[in-house]
Amino acid sequence: MKTVTTSPAPSDVDVVLPCLNEAEALPWVLARIPPGWRALVVDNGSTDSSAELARGLGATVVHETRRGFGAACHAGLTAATAGIVCFCDCDASLDPALLVPFVREVRDGEADLVLGRRRPQGRGSWPARARAGNLALARMLRRRTGLRLHDLGPLRAARRSALLGLDLTDRRSGYPLQMVVRAADAGWRITEHDVPYLPRAGASKVTGTWRGTWQAVRDMRRVLAEAPTAPVPPTPPAPPAPPAPPTAPVQGENSR
């Protein structure tokens, strides 16, 4: 993995954007990164100059040579330095500006992991095969963890140190699910909020075909079959210590 930094100043939030030939969508996505946040575009072997375009638009570019959605996401997580890390697809189907309330919820200690529940906007934004696979996985997740989630979408936010503590190992399509499963095993507070899901730019690398959809479902079934783990639950940053009380003057022995 090679990291090229074009925005060296520390940011409040890092947004990981896994990228494979997304030159068409990058300008729209990067223009919607909230001010003060840093975009980490993880190039996963693009051949359409996505990396050069992202760099020119002011993003930090991370090169991950190992192919796989999980490999790209985890490369972005390990390259991140901000206290809170978000994930968002890089295909213009989701607006990264929608992450602002997610981050606020994590920062305020109201949740440990915040997920976006995709709500399709217009025809073609979410193929029937992809919806069916997502519904089946949500039901399997409920049986495995008890979580009553409706979606395993890519838009999410959590604290970086806590995510690293989950020790995620999947480097394919099972990565987003493994994050949720291990967070649930650790007792994290996980919330879900509706987000508009737009027609993506270009063809999907996963759900664009029945074969890709089936491969993703197979990866996720493998994750669900893992034995439960028990990582250390996330701990919010300790509040600043209160100021010390003033010291009373010491009186001499003969004072009355």
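Every number here is computed from the coordinates shown, using simple stated rules; none is lab data. Please read these numbers as outputs of a predicted model, since none were measured by experiment. Please note: Cβ atoms are built from the backbone with ideal geometry, for glycine as well, and neighbour counts cover all protein chains shown.
Brief remarks on what is shown
- In sequence order, the stretch 36-53 has phi-based couplings of x, 9, 10, 8, 10, 8, 9, 7, 10, x, 5, 10, 10, 6, 4, 4, 5, 5 Hz under the Karplus curve 6.51 cos²θ - 1.76 cosθ + 1.60, θ = phi - 60°, and Gly or Pro positions carry x.
- About the centre of its Cα atoms, the stretch 8-62 shows a dipole size close to 160 debye [charges on the beta carbon of Lys, Arg (+1) and Asp, Glu (-1) only; nearest 20 debye].
- The residues neighbouring GLY174, those whose beta-carbon lies less than 10 Å from its own, together hold a net charge of +2 under the Lys/Arg +1, Asp/Glu -1 convention.
- Other residues within the sphere of radius under 14 Å centred on the Cβ of GLU192, judged by their own Cβ, net out at +2 (K and R +1, D and E -1).
- DSSP-defined beta bridges in the stretch 1-112 - what % are antiparallel, rounded to 5: 20
- Here the Karplus relation 6.51 cos²θ - 1.76 cosθ + 1.60, evaluated at θ = phi - 60°, turns the backbone of the stretch 91-105 into coupling constants of 10, 6, 7, 9, 8, x, 5, 5, 7, 4, x, 4, 5, 4, 5 Hz, with x for every Gly and Pro.
- Only the Cβ atoms of Lys and Arg (+1) and of Asp and Glu (-1) were treated as charged; on that basis the dipole of the stretch 1-101 about its Cα centre amounts to roughly 280 debye.
- Karplus (6.51, -1.76, 1.60) ³J(HN,Hα), θ = phi - 60°, over the stretch 190-196, in Hz, Gly and Pro reported as x: 10, 10, 9, 9, 5, 9, x
- The length gained by stretching the chain between ALA227 and ARG119 to full extension, at 0.36 nm per residue less their Cα-Cα distance, is 35.7 nm.
- Only one residue of ALA162, GLY122, LEU149 has its Cα farthest out toward the positive end of the dipole of the stretch 104-173, where Lys and Arg carry +1 and Asp and Glu -1 on Cβ, and that residue is GLY122.
- In this structure, the amide hydrogen of VAL62, modeled 1.01 Å from its nitrogen in the peptide plane, lies closer than 5 angstrom to those of VAL4, VAL41, VAL42, ASP43, counting only residues at least 5 positions away or on a different chain.
- Around ILE33: net Lys/Arg minus Asp/Glu count, Cβ-Cβ under 14 Å: -2
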